Amino acid sequence: MGHGQHRSRSPLFEAAHLVLPYLTPSELAAVAGTCLALRAVSRSINAARSLDASRAMEPSHPIPFLNPISPGPPPLLAVPPYAYFVYSPSRTLSLARSARQPWPSPTESLAGTLGDVEVRVKIVWCGRKGWGLFADQRIEDGQFVCEYAGEVITTCEARRRQAKYDELSSKGGFASALLVIREHLPSGTACLRMNIDATKAGNVARFINHSCDGGNLSAEIIREAGDLLPRVCFFASRGIDKDEELTFSYGEARVGSKGVLPCLCGSPCCLGALPSENT
Ligand SMILES: C[S@@+](CC[C@H](N)C(=O)[O-])C[C@H]1O[C@@H](n2cnc3c(N)ncnc32)[C@H](O)[C@@H]1O
């Protein structure tokens, strides 16, 4: 029996393969520094994470993390491939049985089903904006791209988390993904607020960056017959070419407000400030 085979059968090696995937990149790096066996396990976990963000949960294709800025195999800690992220694919939803409400702009109705991420996408490192979601194939106008999956939390919890996220973001190196949706009555009165936090659990939608020009995706609120809580789904708002970044508008920027992050969308109408939730 070779040395490698012996090591792969040791209880430490087997336990490490079960436990280490739950660690954050920095925790994994710390463990990797303790011995050669754990270093090998950490390397293989990092490599697997970089090859498929969905951990093989999107059946149609893997969703790779790509870093064109410093290409090559990902070093242990260089850019965190969302090690701690809990991936949750969307459940299939029938559009024929759903009420579809444009948010914020109206589009035509479609028939069909929404579910897994079926268009090929990839997660690309964009430097100061962090990671971004890109098309890895041509996407036609109106085509379903993905649902915004995440933890559905109370408004009280959303306020608590947003305050924590704002503090972490102001120090840099942290990207939150807390989406607040408000449904309004025709009178304009808000009737339902839903908070979806995809910061630590969700799907590829949490990598979609903001663009002040509205981007190339439209977000729609979809409610299946009998469901109280709506779901937020992204559709292409125009034809999108392979390798284009997928973006949408996060909302209205609170220009001049304290703690607002600079916007780097690069569009000609950029307001210079990232919209943030005024909880
Ligand atoms: C939903 S996440 C998007 C994915 C994120 N870039 C990442 O690396 O995880 C939202 C965060 O991305 C960053 N971001 C998104 N759009 C941006 C933009 N136009 N300019 C600068 N930062 C942006 C901000 O840090 C924001 O809080």
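Any read-out appearing in this document is the output of simple, stated calculations on the displayed coordinates, not a laboratory observation. No experiment lies behind these values; they were computed from the predicted model shown. All Cβ positions, even for glycine, are placed from backbone atoms using ideal geometry, and neighbour counts span all protein chains on display.
For ARG238, what charge total do you get from the other residues with a beta carbon under 13 Å from its beta carbon, if Lys and Arg give +1 and Asp and Glu give -1? With Lys, Arg at +1 and Asp, Glu at -1, the neighbours total -4.
Annotation: aspartates and glutamates with alpha-carbon distance below 20 angstrom to LYS164 (same-chain offsets under eight excluded): GLU151, ASP197, GLU277.
Full extension of the chain segment joining ARG128 with LYS242 gains 38.8 nm, where the gain is 0.36 nm per residue of separation less the Cα-Cα distance. With 20 Å as the limit on Cα-Cα distance, the pairs of LYS122/LYS242; LYS200/LYS242; LYS129/LYS171 that go past it are LYS200/LYS242.
Count charges around PRO262 for me, please; just the other residues with Cβ under 11 Å from its Cβ, Lys/Arg as +1, Asp/Glu as -1. Mind dumping the intermediate values first?
Values: positive: ARG128, LYS129; negative: none.
Taking every Cβ under 11 Å from that of PRO262, the sum is +2.
If R₀ is 30 angstrom, what is the calculated FRET efficiency for the pair ASP141 and ALA175, using the beta carbon separation as r and rounding to 0.05? If you can, show how the numbers build up before the last one.
Values: r = 29 Å, r/R0 = 0.95.
With R0 = 30 Å, the Cβ-Cβ based efficiency is 0.55.
Here the average projected area of the convex hull drawn through the C-alpha atoms of the stretch 3-56 stands at 3.8 nm².
With the simple model of a label 7 Å out from the Cα in the direction of the Cβ, ALA47 to CYS270 spans 3.7 nm. The mean sequence separation of alpha-carbon pairs under 8 Å and at least six residues apart, normalised by the residue count of the stretch 3-56, gives a relative contact order of 28 percent.
Distance between the pseudo-spin-label points of ILE153 and ARG120 (7 Å out from Cα toward the beta carbon): 3.6 nm.
List the GluC sites (Glu not before Pro) within the stretch 186-279 that fall in a DSSP loop (any state other than H, G, I, E or B) and whose Cβ has at most 16 other Cβ atoms within 10 Å. Before the final figure, lay out the partial values.
On the way: sites: GLU220, GLU224, GLU244, GLU245, GLU252, GLU277; in loops: GLU244, GLU252, GLU277.
Answer in residue order: GLU244, GLU252.
Loop-located trypsin sites (Lys or Arg not before Pro) in the stretch 136-185 (DSSP state not H, G, I, E or B) with no more than 10 neighbouring Cβ atoms inside 10 Å: LYS171. Site pair SER10 and TYR22 shows an inter-label distance of 2.3 nm when each label is modelled 7 Å from Cα along Cα→Cβ.
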